[in-house]
């Protein structure tokens, strides 16, 4: 199986990052989202991020220009029909993903590989919504995609060796390191990371420390590059809650119960950086703790 043309469904934070590195690695990319405006906004972000790499001299001006030319707007899922690989990078909601995956299969060529960028949902269960569970797998890129070195790869119960090996070679060609995870809720990274973030929210909820104290403690006391509440805002509190719900429901252990304060912030629409407020308020010149 040879991968030359890649479709990316979802032009948000993850999808535009995936399109960025795939195009920069020499592949033709078709980027799809609900509107042309969303894809145009994603292209602007990709150009800015490529510009940062150019300023750091990690890529050349020619590399940047070529990468941008390799990305095309796909106005519909049908426009992805001739791709060798399609990566679904829509919102982390199982109903949304299964609907997209079922729809895209109507137009995919028979030998196309289908992957999901889910950070927590069962690959086997998502595969069941497709017509090709043997060619379906998890390809979980870390955020921000152009910067982070790792991709988790997960096979479902039906995934065949040949498509998985082809996808693995593809990921390696992007310059990424690979960690193979079994198909358990939240896989490896989020199985470890999100409970830590959830515990930090409990620490805030119970009044053990305020936002500033909690983040400072983990930055300076554990040498984390950013505090857990700052990281939660970067990931998106809606995504954090979704992953914790998957862990709680999938493993049935009370230690994974989402903190009520995390639930409350999401109910308020305070998702973090992308919405301007989370554990920090980003609407001014400098982020200010909200608690």
Next item on the list: Can you tell me which of 276-285, 9-18 comes out highest on packing, and rank the rest after it, using the mean Cβ neighbours within 10 Å?
Entry: 9-18, 276-285
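Counting DSSP beta bridges in the chain, what percent are antiparallel, to the nearest 5?
Around 25 percent of the beta bridges assigned by DSSP in the chain are antiparallel ones.
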Margin query: Whole percent per 10 Å bin, from 0 to the bin with the longest distance: what is P(r) over all C-alpha pairs of region 190-289?
Written below: 17, 51, 29, 3, 0
Next item on the list: Compute the acute angle (0 to 90°) between the alpha-carbon long axis of helix 161-173 and the principal axis of greatest extent of the alpha-carbon atoms of the chain; round to the nearest 10°.
Entry: 70 degrees
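Once the Cβ-Cβ distance between residue 275 and residue 25 is put in as r, and R0 is 41 Å, what FRET efficiency do you end up with, to the nearest 0.05?
Efficiency for this residue pair is about 0.85.
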Checklist line | Tail fraction, Cα-Cα pairs, the chain, threshold 27 Å, whole percent | finding: 42 percent
Next item on the list: With runs of 4+ DSSP H residues as the only contributors, calculate the mean residue ellipticity of the chain at 222 nm using -39,500 (n - 2.57) per run, divided by the residue total and rounded to the nearest 500.
Entry: -13500 deg cm²/dmol
Check: Using a simple spin-label model with points 7 Å from Cα along the Cα→Cβ vector, what separation in nm is obtained for residue 291 and residue 205?
Finding: 0.8 nm
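Calculate how large, on average over all directions, the projected area of the Cα convex hull of region 22-93 is; give the answer in nm² to one decimal.
Dividing the Cα hull surface by four gives the mean projection, 5.4 nm².
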Notebook entry, point to check: What are the semi-axes of the equivalent ellipsoid for region 1-152, taken as the square roots of 5 times the Cα gyration tensor eigenvalues, largest first, in whole Å?
Noted result: 25, 16, 14
Next item on the list: Distance between Cα centroids, region 189-213 to region 56-89: provide it in whole Å.
Entry: 37 Å
Next item on the list: Return the distance in nm (one decimal) between the two label points of a simple spin-label model at residue 179 and residue 263, each offset 7 Å from Cα along Cα→Cβ.
Entry: 2.9 nm
Notebook entry, point to check: Based on the alpha carbon coordinates of region 51-123, what radius of gyration and maximum Cα-Cα distance (Dmax) apply, in Å?
Noted result: 15.9, 43
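We did not get these values from a lab; they are worked out from the coordinates using the rules stated. Worth saying up front: this structure is predicted, and the values here are computed from it rather than measured. Please note: Cβ atoms are built from the backbone with ideal geometry, for glycine as well, and neighbour counts cover all protein chains shown.
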